[in-house]
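Dumping the structure here so I can ask a few things about it.
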Amino acid sequence: MMSRRGFVSSAAVLTGAAVVSGRIQAAGIPEAPTTRTTAMQPPVVPSSGPDYQPVATLNGWTLPWRMNGDVKEFHLVAEPVVREFAPGMKANLWGYNGQAPGPTIEAVEGDKVRIFVTNKLPEHTTVHWHGLILPNGMDGVGGLTQPHIKPGKTFVYEFELKKSGSFMYHPHSDEMVQMAMGMMGMFVVHPRDPKFRRVDRDFVVIMSAYAIDPGTYLPKVSEMTDFNMWTWNSRVFPGIDPMPVRLGDRVRIRIGNLTMTNHPIHIHGHTFAVSCTDGGWVPESAQWPEATVDVPVGSIRAVDFLADNPGDWALHCHKTHHAMNAMGHNVRNMIGVNQRPLAGDVRRLVPDYMPMGSEGTAPMAQMQMPLPDNTLPMMTGFGPFGPLEMGGMFTVIKIREGLAANDYKDPGPYKHPSGTVAYEVEGPTPAPAKQSPKSKS
Ligand SMILES: [Cu+2]
């Protein structure tokens with residue numbers, strides 16, 4: 001990732017010209033930082049202006065900016081990108097500044113922002129600022145509020161951030177294709193009052209879904225229902241960063257949904273409450289505890305919780321097909337079916353044939369089955385006790401004592417205090433006691 005300090009200082013030279021003319025000239029466009037890494041970049045601590053707790057974008061980054069007078073300037077470049085979903089699978093997507101999703105934009109309530117958008121796609125685009133209150137002509141709906149941004153052209157969006165909260169950006173132009181190709185990002189506006197709803201760790205996840213046939217690289221953009229890659233920040237388990245958290249931290253997870261269905265997001269070992277939506281902050285008096293929060297299509301739910309229970313806690317979509325990778329949809333249910341007599345016949349035609357599924361699909365997660373190129377196992381990932389049999393929208397919140405404030409390194413597996421892990425009964429299992437008819441009351 002480029003150095004933000006270098007970006008800010010080189011940009012200072014350009015200050016002035018644009019402000020005087022009122023209309024931006026091409027020479028006044030800030031450089032567009034780009035990154036190709038899927039490793040989470042450290043949160044960008046504010047060096048000027050009001051203090052805030054910067055967000056950590058899983059497998060992502062925050063877009064650097066420059067100050068031009070009293071305006072914060074950003075530069076998004078819409079372009080084709082290659083995104084690794086997890087080691088072993090890449091997809092040809094469209095995104096911003098080298099990645100899909102695009103970088104998270106962070107600013108402060110009351111900031112004036114100027115966002116340059118350069119189109120390097122083969123077709124026109126726009127950017128809609130989802131949830132933000134702004135002048136109609138800055139809303140980014142192609143054809144309705146502005147002309148489309150043609151390939152090779154740069155447009156400018158300028159507005160003041162009227163309120164803090166959790167927002168998104170995405171095209172409002174050939175939406176079905178451009179969002180199915182991965183074009184989206186989060187837009188976090190921090191409160192001007194540094195103490196307002198302050199947390200110690202603030203994670204950002206945007207959910208997108210893709211239909212990518214095993215062995216291929218390109219999403220099927222006209223798919224409406226049958227997606228097979230359910231992603232957080234265009235990553236799937238085990239490619240999704242864990243969330244390292246210090247015991248006692250107040251934690252926020254902002255979850256945006258730009259897929260075509262809802263996602264009930266479930267936390268283990270804790271309860272959380274929805275603190276913010278893409279409409280704004282939820283008053284504390286209107287919150288209630290939950291262990292699962294449904295994130296509807298085209299919306300954001302930010303959940304807050306106190307990390308008071310150390311361990312490795314799963315966080316995942318509770319739709320089981322969304323916590324697995326491709327190939328899960330057309331498997332026949334063979335549980336209880338004796339396939340042995342048939343297997344010999346099939347092997348005469350297909351010598352490598354292996355009957356599977358009579359005892360469930362867990363055995364598949366334990367063996368390294370041959371897969372087409374660029375295809376992830378349906379159920380995968382290993383933990384200290386064995387296979388996790390997961391994929392898709394799944395990660396682990398790792399709550400540990402004594403982590404440093406800005407330490408987001410994976411602390412490794414949790415060391416359970418002795419006597420706190422489920423264990424096997426020793427000796428033969430006794431037959432269950434039968435209830436006698438007489439004991440019925
Ligand atoms: Cu889901």
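Quick note: the coordinates plus some simple rules give every number you see, no bench work behind them. Worth saying up front: this structure is predicted, and the values here are computed from it rather than measured. In this analysis, Cβ positions are derived from the backbone assuming ideal geometry, glycine residues included, and neighbour counts consider all displayed protein chains.
Considering the convex hull of the alpha carbon atoms of the chain, report its projected area averaged over all viewing directions, in nm², one decimal.
Details: hull surface 114.4 nm².
About 28.6 nm², averaged over all directions.
So for the chain, averaging the separation of alpha carbon pairs under 8 Å that are six or more residues apart and normalising by length, what relative contact order in percent results?
Numbers: 1021 pairs, mean separation 60.1, N = 441.
Relative contact order here is 14 percent.
Shifting gears a bit: Just to confirm the number: angle between the C-alpha axis of helix 340-349 and the first principal axis of the chain, 0 to 90 degrees, nearest 10?
60
Could you state the principal axis extents of the C-alpha atoms in segment 171-241, from the largest down, to the nearest angstrom?
Over segment 171-241, Cα extents along the principal axes are 48, 32, 18 Å.
Next question. Could you work out the relative contact order of segment 183-243? I mean the mean sequence separation of Cα pairs under 8 Å and 6+ apart, divided by the number of residues, in percent.
30
Continuing with this model, one more query. So, in Å, what gap is there between the alpha-carbon centers of segment 128-142 and segment 245-306?
25
Also: Which residues make up the longest stretch of the chain clear of GluC sites (Glu not before Pro) that lie in a DSSP loop with no more than 16 other Cβ atoms within 10 Å, not counting the sites? Don't skip to the answer; put the middle values down first.
Numbers: sites that count: Glu31, Glu123, Glu223, Glu359, Glu401, Glu424, Glu426.
After excluding every exposed loop site, the longest remaining stretch is 224-358.
Okay, next question. When a footprinting reagent is the concern and you count Cβ atoms within 10 Å, what order do Thr375, Thr420 take, fewest first?
On the way: Thr375 18, Thr420 8.
Fewest to most other Cβ atoms nearby, the residues stand as Thr420, Thr375.
Using just the helices of the chain, give the 222 nm mean residue ellipticity in deg cm²/dmol: DSSP H runs with n ≥ 4 each add -39,500 (n - 2.57), and the total is spread over all residues, rounded to 500.
On the way: 5 runs with 35 residues, N = 441.
The helix-only estimate for the chain comes to -2000 deg cm²/dmol at 222 nm.
To the nearest µm²/s, what D does Stokes-Einstein give for segment 131-219 at 4 °C and 1.567 mPa s, using the Kirkwood radius over alpha carbon pairs as Rh? Please report the intermediate quantities before stating the final value.
On the way: Rh = 15.9 Å.
Value of D from the Cα-based Kirkwood radius: 81 µm²/s.
Pairs Lys72/Lys153; Lys90/Lys220; Lys153/Lys220: which are spaced more than 23 Å apart, C-alpha to C-alpha? Don't jump to the answer; show the numbers that get you there.
Numbers: Lys72/Lys153 21 Å; Lys90/Lys220 15 Å; Lys153/Lys220 27 Å.
From the list (Lys72/Lys153; Lys90/Lys220; Lys153/Lys220), the Cα-Cα distance tops 23 Å for Lys153/Lys220.
Over the alpha-carbon set of segment 217-286, work out the extent along each principal axis and list the three values in angstrom, largest first.
Extents along the principal axes, in whole Å: 43, 28, 17.
On to the next question. Take Glu84 and Tyr414, extend 7 Å from each Cα along the Cα→Cβ direction, and tell me the distance between the two endpoints in nm.
A separation of 2.8 nm, rounded to one decimal place.
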